[in-house]
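**Q** Take this structure first; my questions come after.
The values are calculated or read from the model by the stated rules, or taken from the named source; none is laboratory data. This one's a predicted model, so the numbers in the text were calculated from it and none came from an experiment. Please note: Cβ atoms are built from the backbone with ideal geometry, for glycine as well, and neighbour counts cover all protein chains shown. Only protein heavy atoms, including side chains, enter the accessible area calculation; ligands, DNA and RNA are left aside. Shrake-Rupley method; radii C 1.70, N 1.55, O 1.52, S 1.80 Å.
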Amino acid sequence: MEVEGEILGLVILFLVVSAAFYFFIVRDSGDSEEVNLPDGSRNLSTTRAVNQTTGNATNGNNTTQNETAASMSFENIEELHWDHMPLAYRIVNNASRCEGAPIAEMKKAFEIVSKASSYKVNFTESVGNETADVNVSCVNRLELLKELKEKEVCKNVVLDYRSVQFSGYEVLADGDYVTSINIVSRNDSTNTYKVCYVRKSGVSFDWDPLDEASIKVKGGIISSARKTIYTLDSKYPSCIGFPAKEVHDVMHILGFAHTETPVFDDYYGWFFKDLRYFKDVMFPYSYCAYITELNDNYAECLKYIYSNGEIGIGCASVKFVG
Ligand SMILES: [Zn+2]
């Protein structure tokens, strides 16, 4: 049977991954029972309206370009793109509460993506009354979750003890938002998780602050974007070393969609043979242990798009929203 054939590989994987799990995920969360959470939503909708109400700056919904942005030519490009660089971002919504690691990790992600694109893509912090292309909204996640407490439902999920890569979303439907995940018990054969979540539909709540990054597209061009970062006291874990989640969301801001996901077995979890999926920065669940760089295919695609096809291999192996 396929499963039995993979046991040896899984045992080795478990030893490596379990160490990584403790050091990269659990330790980083500041809460020994909390594991890494992925995106708030699994599918980024192409034209979902950007909610501007969370911003308190002068960043309207118009497409006025940053004065310093160079207008660029894209006649050779069919892929979804912005029409200028650099992209101006602004930290909005009580930015001071995200000072320190949350903002630093975000800026690190902007730099990683810029560098990988040979600086064809670049970001500047919006100053004064400049219009921002990207609103980075600072949110206290725990405060928002309190409002959802009574809508929350929980269930126990039992997985094979080797299945340490688990975010909760793997066993939920699209449209469910994970509010917490805790390990209830471990023994020689199983891990039992308590996954609590809220079904978004039918709940009157502004989900944007809890969702991942989103973009607004006008006439085939990305015209604005938003991204949420969480205050340090939100207890939202981030990855040590490489800011996997932030880089993932910067790629959403640039129009990239999630990769396809392999089969998640209800008991065995992910299969070792599908390891390559987890290493893709656009895998829907950002497992810190696996995402350690911006993959070359995205870097090449960004170079290609933002050089109007002059450099870079192209975008054959990546997915765009829409
Ligand atoms: Zn995502």
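**Q** Look at residue 114 and say whether it is within 25 Å of residue 307 (Cα to Cα), touching a Lys or Arg at 6+ places or on another chain (Cβ under 9 Å) and not in a loop (DSSP other than H, G, I, E, B).
**A** Yes.
**Q** For region 243-252, check the following and say yes or no: at least one residue is away from the ligand (no atom under 13 Å from the Cβ) and either at pLDDT 95 or above or crowded, with 20+ Cβ neighbours inside 10 Å (or both).
**A** yes
**Q** Just wondering, is there one or more residues in region 281-298 that are in contact (Cβ under 8 Å) with a residue 60 or more places away in the chain and outside any loop (DSSP other than H, G, I, E, B)?
**A** Yes.
**Q** If you take the residues of region 161-176 that are under 29 Å from residue 205 (Cβ atoms) and of a type in the set (Ser, Thr, Tyr), which of them is surrounded by the most Cβ atoms within 10 Å (Cβ to Cβ)?
**A** Looking at residues that are under 29 Å from residue 205 (Cβ atoms) and of a type in the set (Ser, Thr, Tyr), I get 169.
**Q** A follow-up question, please. May I ask you to list pairs of residues, at least six apart or on different chains, whose Cβ atoms are under 7 Å apart, with the first in region 261-276 being under 16 Å from residue 156 (Cα atoms) and the second being among the charged types (D, E, K, R) and open to solvent by less than 30 Å² (accessible area, probe 1.4 Å)?
**A** Hits for this filter: 267/160; 268/160; 269/160.
**Q** Going through 95, 101, 88, 132 one at a time, which residue ends up being open to solvent by less than 60 Å² (accessible area, probe 1.4 Å), among the small types (Gly, Ala, Ser) and out of contact with any strand residue (DSSP E or B) (no Cβ under 8 Å at 6 or more places or on another chain)?
**A** Criteria check complete, one pass: 101.
**Q** Going through 66, 59 one at a time, which residue ends up being surrounded by 20 or more Cβ atoms within 10 Å (Cβ to Cβ) and modelled with pLDDT under 50?
**A** Being surrounded by 20 or more Cβ atoms within 10 Å (Cβ to Cβ) and modelled with pLDDT under 50 holds for just one of 66, 59, which is 59.
**Q** Continuing with this model, one more query. Just give me the residues in region 140-160 being within 16 Å of residue 203 (Cβ to Cβ) and buried (at least 16 other Cβ atoms within 10 Å of the Cβ), in sequence order.
**A** Scanning region 140-160 gives 144, 145, 148, 151.
**Q** Going through 275, 232 one at a time, which residue ends up being open to solvent by 30 Å² or more (accessible area, probe 1.4 Å), aliphatic (A, V, I, L, M) and at pLDDT below 90?
**A** 275
**Q** Can you name the condition, by its number, that residue 259 falls short on among (1) within 14 Å of the ligand (Cβ to nearest atom); (2) open to solvent by 20 Å² or more (accessible area, probe 1.4 Å); (3) modelled with pLDDT under 95; (4) touching a Leu at 6+ places or on another chain (Cβ under 9 Å)?
**A** Result: residue 259 fails condition (4) only.
**Q** Does region 294-302 include one or more residues that are more than 11 Å from the ligand (Cβ to nearest atom), open to solvent by 10 Å² or more (accessible area, probe 1.4 Å) and touching a Phe, Trp or Tyr at 6+ places or on another chain (Cβ under 7 Å)?
**A** No, because not a single residue in region 294-302 is more than 11 Å from the ligand (Cβ to nearest atom), open to solvent by 10 Å² or more (accessible area, probe 1.4 Å) and touching a Phe, Trp or Tyr at 6+ places or on another chain (Cβ under 7 Å).
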